[in-house]
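Visitor: One structure coming up, written as structure tokens, with questions to follow.
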Amino acid sequence: MAQPAVPPSQAARPRPAAVPLRVPVRDILPWAVLALVLGAALLYFVGAEQGATSLFAGTWVHEFTHDGRHLLGFPCH
């Protein structure tokens, strides 16, 4: 005779209610600030690092981010 996969004593047992995970804002805030700073730096390098606002001499940053500019819709030439 075949045995059931779950014994009858465990099959009818009620499950505890799901409790949502709570993360304090003070734990999230440093990561949110870091993401904001990195996102702003990325946006600057992809969108504005050329011409009058250039921080680095030459065109190597422009060439490195060239495809990203077109993908995000920034004009570059």
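Read the figures in this text as sums done on the coordinates, not as results from a lab. Quantities reported herein were computed from a predicted structural model and do not represent experimental measurements. Cβ placement follows ideal geometry from the backbone for every residue including glycine, while neighbour counts extend to all protein chains displayed.
Visitor: Within 10 Å, count the other beta carbons around each residue, average over each peptide in 57-68, 27-38, and list them highest first. Numbers along the way, then the final one.
Guide: On the way: 57-68: 12.8, 27-38: 9.7.
By packing density, highest mean first, the sequence is 57-68, 27-38.
Visitor: Still on this model: Expressed in nm to one decimal, what extension gain is obtained for the pair residue 33 and residue 64 from 0.36 nm per residue of sequence separation less their Cα-Cα distance?
Guide: 8.6 nm
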